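Trainee: One structure follows; several queries about it will come next.
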Amino acid sequence: MSVLSKLKEALVCLKAGRVTLPYPAQAMPVPEKFRGRPIFDVAKCTGCGGCANNCPAREILVFDVCQEVRVLQYLGRRCAYCGRCADVCPEKAVTMSHEFENATNAIGDIKQRIELFMSTCQRCGRCFKEPTTLDQLKMKGYRFDDVAHERWVFRSKAYLDSEPVVDDIKIEWE
Amino acid sequence: MLKNLCQKMFGRSLWVYHANSGGCNGCDIEVLNVLTPYYDAERFGIKLVGSPRHADAMLCQGPAMRSTAQALKRAYDAMPAPKLVFAIGSCACGGGIWFDSYSVLGPVEKLVPVNFYIPGCPPRPEAIIYGVAVALGLVDKKTAPVQFKQIELPIPRYHPGDLRGRDELVVYEKVEKV
Ligand code: SF4
Ligand code: SF4
Ligand code: SF4
């Protein structure tokens, strides 16, 4: 009986033929709707920060250097390729590319950094943004994420000594 | 140097140990997918082994968790040198979506030194094969950090002190000051 079932199994295997894909030798096309690494288009981005506010992994840091300069930093380490940044972007500045071969030996290689010029309103002295976009994406005031340590800062008060940034948990060994 | 060493030591066969320290199982399934006949990693000599003592490389999935930190560290210590560690998936590379949760310590590199990162949630089986190929020195990595600038820093600011009268015009001379 068991010999018969083995023969049957062999027959099934033979019938399937060779299925191994020639991947590393030959490029593999990805499905049309595949979401790979998000790519930021600096020409279209207005620096509204909507992508940063909607990223579930908090992967996009916003740092306002001064009134006119906003730095947007995409870290790429824990990006889930969910596409929410691309969905929310009012300027369609983020595209989900088909790149998936992102393996690297240095995690900093996936980083994208954008330095934006924010033009200042001549009347009120603040950066001018469309009010609807601003309201939609709830980006009020200035943002000071910790670009040097690549950490998202929840409140600007986190820089005060009395209220430290949510610190890395110390590993409890035993 | 590491690359040369890898090519020399792991050229023929790479025995991998698959360690999940608290991922959602998505990456595990992709790693198993690499071993199926469709991707057939065994044609490159990659073989899954059940014990870290037999392994050349550890495939880490899932973030460093409070509950599994010690087990992961012990598994790493049990591997004979030279050893490679691959961080597979966003969780292992950067802590994942729940990186700020109470039970997540962060990326696995907080516990064990990571040699190669394969981001993705989960990465495609092709991406994992590509990562191993990068490690073995068969292909070059494709990524590089990107930086765009709309402006040059430091940008000149408007200072009334820099206004110069020139005939009937008032000219603003830019200075390299912020
Ligand atoms: S794809 Fe998702 S996780 Fe990645 S940066 Fe965009 S919103 Fe964040
Ligand atoms: S949502 Fe779009 S326009 Fe706004 S900061 Fe992000 S990339 Fe730029
Ligand atoms: S990277 Fe994504 S698929 Fe992999 S274990 Fe983490 S959450 Fe799951």
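Trainee: Taking all pairs of different Cα atoms in segment A:30-119, averaging 1/r and flipping that mean, what Kirkwood radius in angstroms comes out?
Mentor: After inverting the mean inverse Cα-Cα distance, the result is 13.5 Å.
Trainee: Which whole-Hz couplings ³J(HN,Hα) result when phi for each residue of segment B:15-23 is put into the Karplus expression 6.51 cos²θ - 1.76 cosθ + 1.60, θ = phi - 60°, listed in order with x for Gly and Pro?
Mentor: Each residue's phi maps through the Karplus curve to give 9, 10, 10, 10, 10, 9, 9, x, x Hz.
Trainee: Taking H placed 1.01 Å from N in the peptide plane, check which residues at least 5 places from B:G106 or on another chain put their amide H under 5 Å from its amide H.
Mentor: Amide H neighbours of B:G106, under 5 Å, 5+ apart: B:A64.
Trainee: Among B:43-54, A:104-115, how do they line up from the highest to the lowest mean number of other beta-carbon atoms within 10 Å?
Mentor: Per-residue Cβ counts within 10 Å, averaged per peptide and sorted highest first, yield A:104-115, B:43-54.
Trainee: Then there's this: Find the eigenvalues of the gyration tensor of the Cα atoms of segment B:9-84, then list the square roots of 5 times those eigenvalues as equivalent ellipsoid semi-axes, largest first, in whole angstrom.
Mentor: One finds semi-axes of 21, 17, 7 Å for segment B:9-84.
Trainee: Thinking of segment A:1-66 as a set of Cα atoms, what percent of all their pairs are more than 16 Å apart?
Mentor: Here the tail beyond 16 Å accounts for 73 percent of pairs.
Trainee: If you roll a 1.4 angstrom probe over the protein chains with everything in place, what fraction of the accessible area of segment A:30-119 belongs to carbon and sulfur, to the nearest %?
Mentor: 51
Trainee: Quick one: which residues, 5 or more positions from A:R151 or on another chain, have an amide H under 5 Å from its amide H? H modelled 1.01 Å from N in the peptide plane, none for Pro or chain starts.
Mentor: HN-HN under 5 Å from A:R151: A:D146.
Trainee: To continue, here is another question. Can you list the residues, at least 5 places off or on another chain, whose amide H is less than 5 Å from the amide H of B:V139, using H built in the peptide plane?
Mentor: B:V134
Trainee: In Å², rounded to the nearest 100, what is the total accessible surface buried by chains B and A against each other with a 1.4 Å probe?
Mentor: 4700
Trainee: State log₁₀ I(q)/I(0) for segment B:2-136 at q = 0.10, 0.11, 0.18 Å⁻¹ as given by the Debye formula over alpha-carbon point scatterers of equal weight, solvent excluded.
Mentor: Result of the Debye calculation: -0.28, -0.34, -0.93.
Trainee: Could I ask something else about it? Over the whole of A:16-23, what's the average partner chain Cβ count within 10 Å per residue? Rounded to a whole number, please.
Mentor: The mean count of partner-chain Cβ atoms within 10 Å per residue comes to 4.
The values are calculated or read from the model by the stated rules, or taken from the named source; none is laboratory data. From a predicted model like this one, the values you see are computed outputs, not experimental measurements. Cβ: placed from backbone, ideal geometry, glycine included. Neighbour counts: every protein chain shown. Note: accessible area is taken over every heavy atom of the protein model, side chains too, but ligands, DNA and RNA are not part of it. Shrake-Rupley method; radii C 1.70, N 1.55, O 1.52, S 1.80 Å.
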